[in-house]
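Novice: Okay, here's the structure, questions in a sec.
The values are calculated or read from the model by the stated rules, or taken from the named source; none is laboratory data. What you are looking at is a predicted structure, and each value in this text was computed from that prediction instead of being measured. Using ideal geometry, Cβ is built from the backbone for each residue, glycine included, and neighbour counts are taken over all protein chains shown.
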Amino acid sequence: MIGYLEGQVLDGDSDAILLLAGQVGYEILVSPFTRAQVMAQSKETQVQLHIYYHVTERQPKPVLIGFLEKKDKAFFQLFISVSAIGPMKAVKAMVRPVGEIAAAIEDKQVSLLAKLPGIGPRTAEKVIATLHGKTREFAERAPARAPLSPVSPSPDNPEMVAMVTGVLVNQLGHSSGSAQRMIRAALEKNPGIHTPEALLDAIYQEGA
């Protein structure tokens, strides 16, 4: 069973990356937020991923799901303990930092969790009922522990938001909370934005 891989990213699509490790190319599913962080790095960077190895009778072909931090993998394993959430749904839902999702669980913010892709109000309530009180250690990692705004900056394009968040945080040095505020403000003034490049332009036209 594979638990950890380190190598160079050769390619990436909407929900996976191709990692070259030990002369072998591994296709690894990653969350939209993790993908944005990985793809924001230079191609020469050695990426270190903690791997969740998923295989079942219904899914006999092994699926590798990667996380940049061990704690993110631990949170993911808690997340999929909720009866309505499997590994595939969970990884696609993680469009925001783990610390923010955990904070929403601890603050019982159904409206925010419901806006994660594939979740919805009923599943959000199940997440809180199952995990409330179990995610405090992850929520403490959130840049701002105050309750999060339930407004989703771009429910129709969470991948774009995740990619721009990764650039603002990892390349430009903004905090996660500051990045979310800038993105939200830009999208409120320019709701027709559909690409990461246009969103970044709008943010800096506002003087961010």
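Novice: Can you say whether residue 90 is touching a residue at least 40 places away in the same chain (Cβ under 8 Å) and assigned to a helix (DSSP H, G or I), as far as the supplied structure shows? Please lay out each step first, then the result.
Specialist: Details: touching a residue at least 40 places away in the same chain (Cβ under 8 Å): no; assigned to a helix (DSSP H, G or I): yes.
The answer is no for residue 90.
Novice: Of everything in region 22-37, what is hydrophobic (A, V, I, L, M, F, W, C), closer than 24 Å to residue 77 by Cα and free of Cβ contacts under 8 Å to residues at least 60 places away in the same chain? Give them in sequence order.
Specialist: 28 - this is the single residue of region 22-37 that is hydrophobic (A, V, I, L, M, F, W, C), closer than 24 Å to residue 77 by Cα and free of Cβ contacts under 8 Å to residues at least 60 places away in the same chain.
Novice: Looking at region 182-205, which of its residues are over 19 Å from the mean Cα position of the chain (by Cα) and charged (D, E, K, R)?
Specialist: 188, 189, 197, 201, listed by residue number.
Here's the yes/no breakdown for (1) modelled with pLDDT of 90 or more; (2) within 18 Å of residue 31 (Cα to Cα):
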{"residue": "94", "(1), (2)": "yes, yes"}
{"residue": "100", "(1), (2)": "no, yes"}
{"residue": "128", "(1), (2)": "yes, no"}
{"residue": "134", "(1), (2)": "yes, no"}
{"residue": "144", "(1), (2)": "no, no"}
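Novice: If you don't mind, another one. Given the conditions (1) of a type in the set (S, T, N, Q); (2) farther than 23 Å from residue 37 by Cα; (3) not assigned by TED's automatic domain parsing to the domain that holds residue 118, which single one is not true for residue 48?
Specialist: Tallying (1) of a type in the set (S, T, N, Q); (2) farther than 23 Å from residue 37 by Cα; (3) not assigned by TED's automatic domain parsing to the domain that holds residue 118, residue 48 fails exactly one: (2).
Novice: Sort out for me the strands (runs of 3 or more DSSP E) sitting completely within region 1-69 that have 2 or more residues that are touching a helix residue (DSSP H, G or I) at 6+ places or on another chain (Cβ under 7 Å) and either crowded, with 19+ Cβ neighbours inside 10 Å or at pLDDT 90 or above (or both).
Specialist: It comes to 46-54, 63-67.
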